[in-house]
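For reference, the structure is listed below as structure tokens.
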Amino acid sequence: MENVLTISNLDKRYGKIHAVNNLSIAVEKGSVYGILGPNGSGKTTTLGIVLGVVNSGGGSFSWFNEPNSKQNRKRIGAILEQPLFYPYLSALNNLKIVADIKQVSYDDIERVLKIVDLWERKDSKFKTFSYGMKQRLAIASALLGNPEVLIFDEPTNGLDPRGIAEIRELIIDIARQGITIILASHLLDEVQKTCSHVVVLHKGEKLFEGKVEDVLNLSNTVEVASNNAQILEIALNEFGKINEMKRNGEQFLLSLSEGITTTDLNTYLIDKGIIVSHLSVRKKSLEEQFLELLSE
Amino acid sequence: MIGFYATLLAIMIFGIPGLIDYVAEKSGEATQFRIFKAIVFNFPDIWQNIAFVASFRFFIKIVLGIIIIILVTTEFHFLTIRANIINGFSRGDFLAGKLMMIILLAVFSTVIIFLSGLYLGFTNSVASSMGQVFGKMEYLAGYFLEVSTYLIFCLFFAILFKKTGITFIAHFVYLIIEPILDYKLPDGFDPYLPLNAMNRIIQSPNTSLIKVKTDEFNFDFQEFIAFQDVAVCVAYAVLFTALSYFILKHRDL
């Protein structure tokens, strides 16, 4: 698979703070790549470096497997932190500046403004916009000229629930068109709902990188309950093929040994004459994984 | 801001002859002032005189400097410089854009000086043959160079300090400090301080009257623009551009 972005051993220090620590990641073409981490984990710094606004302190990166140049950035649409526009210019004029820099035709402005529902307000000055509208204008600006890659840094920050839902739908919709998306977020839910791949950052270091579904499948928890909890507990203790067992009220939360399925467990319990009232596999949410990773 | 500059200039251009007339009438020696007016606004000396006034370092030129400082520091304040880079500008492109703005502003201001020179000259000058009207035009070119270099100096300050207020203060403090430096340093250094270097291009006004020397009044007024002064000025323009680029290149935006 072709890589859109390759980062090798990237490093950045701000005085004593090690913002990015020896980070290497690769973003495949067509993927929705999530960069997940709490505030201050180096997400924005990393994106700042690959977008040319922050100087790197070591390591390298490459877009489209080409040497770095401003031409590469013209093939990318990006929102970094907050929407950045000239407040005293209208939405239309702001986008004209963007179009000039990206060397794309003004004809595309109408399309992108209609996507984000701002065409009616095209002549209003940027400073008169509400935060949600500013954010939407930033998305319009990123979409201008049909970029091959879109970078969203905390795209739903400060939006109301309806705005958040709209932005997420839009991202999923863009991804369906085959455009690669890099999404930085501190919200696990957001990454879980939209991304195909994820890297988890903590204090500038990579904790984990892989497919979101792989992260979800790392270890599943099985919930079992029966009318007679005591007998069930004895039977489970005798089963032996359980890594970990926790009692949660009437339910038992189990982590099964490798190769053991819920069918094996159920067959064993039926043999023992125990009828379960509840048996389900709970996929560990990314959030739990994430918190677990952070607590290590 | 540009409107303010134009208004200020217009007030001066149309106001000064009126002011002189007013003073002339009040003083009771109207003839002397009329002669003064005719001499100062006489072609071709008017070009040197008007360029001298327009390029005087504590005067109207500062308005242009303020325009550049605001233009550049707001890019940092609103982080639009960051947006420009993300969208595909290089840092050099950003600087080139600002230099273009400076050239435009310098051209605009030179054109205004030219037009006001024509107006003041034709309304007041005794001499008006073609050769006289368009003589000494090199002072307009000198003015253009001086203003461009000054604006590049302001651009450098704006990039260095980023904040509008701090840049203003630094700029005005430097305006005051340089004459003090000039005074403290050995005489030979005078022409090489940046603002001095710019001002030396058009050092003094000149009229045919001033050429009359007496024992009390024996001073050589500038007769031509010296190549050395132009070279020092251009060197400063290049230096401030290079420093600005260096700072931009190595800064996280």
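Things worth noting here:
- Long-range neighbours under 8 Å by Cβ, at least six apart or interchain, first residue touching a residue at least 40 places away in the same chain (Cβ under 8 Å) within the range B:188-201, second aliphatic (A, V, I, L, M) and outside any helix (DSSP H, G or I): B:Ile201/B:Ile225
- Candidate set from the range A:10-25 (those that are of a type in the set (Gly, Ala, Ser) and surrounded by fewer than 17 Cβ atoms within 10 Å (Cβ to Cβ)); member that is modelled with the highest pLDDT: A:Ser24
- Within the range A:161-183, tally of residues that are within 24 Å of A:Glu209 (Cβ to Cβ) and either among the β-branched types (Val, Ile, Thr) or modelled with pLDDT under 85 (or both): 7
- Taken together, A:Glu190, A:Glu209, A:Glu166, A:Glu154 contain a single residue that is closer than 21 Å to B:Ile86 by Cβ and in the same structural domain as A:Leu137 (by TED's automatic domain parsing), which is A:Glu154.
- Only one entry in A:His197, A:His186, A:His202 is modelled with pLDDT of 85 or more, touching a Phe, Trp or Tyr at 6+ places or on another chain (Cβ under 6 Å) and not aromatic (Phe, Trp, Tyr), namely A:His197.
- Summed over the range A:168-184, residues that are surrounded by 22 or more Cβ atoms within 10 Å (Cβ to Cβ) and within 16 Å of A:Leu137 (Cα to Cα) total 1.
- The listed residue being over 23 Å from B:Leu105 (Cα atoms), surrounded by fewer than 19 Cβ atoms within 10 Å (Cβ to Cβ) and not basic (Lys, Arg), out of B:Ala10, B:Ala38: B:Ala38
- Candidate set: the range B:221-253, residues that are within 14 Å of another protein chain (Cβ to nearest Cβ) and free of Cβ contacts under 8 Å to residues at least 24 places away in the same chain; chosen: the one farthest from A:Ser56 (Cα to Cα): B:Phe246
- Test: residue in the range B:150-161 that is of a type in the set (Phe, Trp, Tyr), out of contact with any His (no Cβ under 7 Å at 6 or more places or on another chain) and either free of Cβ contacts under 8 Å to residues at least 60 places away in the same chain or over 27 Å from B:Ile81 (Cα atoms) (or both): no
Residue by residue, here is whether (1) in contact (Cβ under 8 Å) with a residue 60 or more places away in the chain; (2) out of contact with any Gly (no Cβ under 6 Å at 6 or more places or on another chain); (3) farther than 29 Å from A:Glu81 by Cβ; (4) of a type in the set (A, V, I, L, M, F, W, C) holds:
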position: B:Ile50; (1), (2), (3), (4): yes, no, yes, yes
position: B:Ile60; (1), (2), (3), (4): no, yes, yes, yes
position: B:Ile66; (1), (2), (3), (4): yes, yes, yes, yes
position: B:Phe78; (1), (2), (3), (4): no, yes, no, yes
position: B:Gly88; (1), (2), (3), (4): no, yes, no, no
position: B:Asp93; (1), (2), (3), (4): no, yes, no, no
position: B:Ala96; (1), (2), (3), (4): no, yes, no, yes
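- Residue satisfying all of: in the range A:51-101; more than 10 Å from every other protein chain (Cβ to nearest Cβ) and within 15 Å of A:Val149 (Cβ to Cβ); surrounded by the most Cβ atoms within 10 Å (Cβ to Cβ) among these: A:Trp63
- The set of residues in the range A:37-72 that are more than 23 Å from A:Ala19 (Cα to Cα), of a type outside the set (Asp, Glu) and touching a helix residue (DSSP H, G or I) at 6+ places or on another chain (Cβ under 8 Å) comprises A:Phe64, A:Lys70.
- Near pairs, Cβ below 6 angstrom, 6+ apart or cross-chain, from the range A:127-153 (away from chain B (no Cβ under 12 Å)) to any residue that is of a type in the set (Lys, Arg): A:Glu148/A:Arg75
- Complete set of residues in the range B:65-85 that are more than 7 Å from every other protein chain (Cβ to nearest Cβ) and either of a type in the set (Gly, Ala, Ser) or in contact with a strand residue (DSSP E or B) (Cβ under 9 Å, 6 or more places away or on another chain) (or both): B:Gly65
- Of everything listed in (1) more than 14 Å from every other protein chain (Cβ to nearest Cβ); (2) in a helix (DSSP H, G or I); (3) under 30 Å from B:Phe224 (Cα atoms), the single unmet condition for B:Phe59 is (2).
- Scanning the range B:100-109 for residues that are surrounded by fewer than 17 Cβ atoms within 10 Å (Cβ to Cβ) and touching a residue at least 12 places away in the same chain (Cβ under 8 Å), we see that the one that is nearest to the other protein chains (Cβ to nearest Cβ) is B:Met101.
- Checking B:Gly97, B:Gly88 one by one, the residue that is assigned to a helix (DSSP H, G or I), within 14 Å of chain A (Cβ to nearest Cβ) and not charged (D, E, K, R) is B:Gly97 and no other.
- Search result, residues across the range B:171-189 that are surrounded by 12 or more Cβ atoms within 10 Å (Cβ to Cβ) and part of a helix (DSSP H, G or I): B:His171, B:Phe172, B:Tyr174, B:Leu175, B:Ile177, B:Glu178, B:Pro179, B:Leu181, B:Asp182, B:Phe189
- Residue ranges of strands (runs of 3 or more DSSP E) in the range A:189-257 with at least 3 members more than 30 Å from A:Ala26 (Cα to Cα) and either in contact with a Ser or Thr (Cβ under 8 Å, 6 or more places away or on another chain) or aliphatic (A, V, I, L, M) (or both): A:221-226, A:242-248, A:251-256
- The lone exception for A:Thr267 - which of (1) outside any strand (DSSP E or B); (2) surrounded by 15 or more Cβ atoms within 10 Å (Cβ to Cβ); (3) at pLDDT 85 or above it fails: (2)
- Of all the criteria given as (1) under 25 Å from B:Ile81 (Cβ atoms); (2) away from chain B (no Cβ under 14 Å); (3) outside any loop (DSSP other than H, G, I, E, B), the one not satisfied by A:Ser8 is (1).
- Checking each residue in the range A:13-50 for being away from chain B (no Cβ under 11 Å) and among the hydroxyl-bearing types (Ser, Thr, Tyr) picks out A:Ser24, A:Ser31, A:Tyr33, A:Ser41, A:Thr44, A:Thr46.
The values are calculated or read from the model by the stated rules, or taken from the named source; none is laboratory data. All values reported here derive from a predicted model rather than from experimental measurement. Methodologically, a virtual Cβ is constructed for each residue, glycine included, from the backbone with ideal geometry; neighbour enumeration extends over all protein chains shown.
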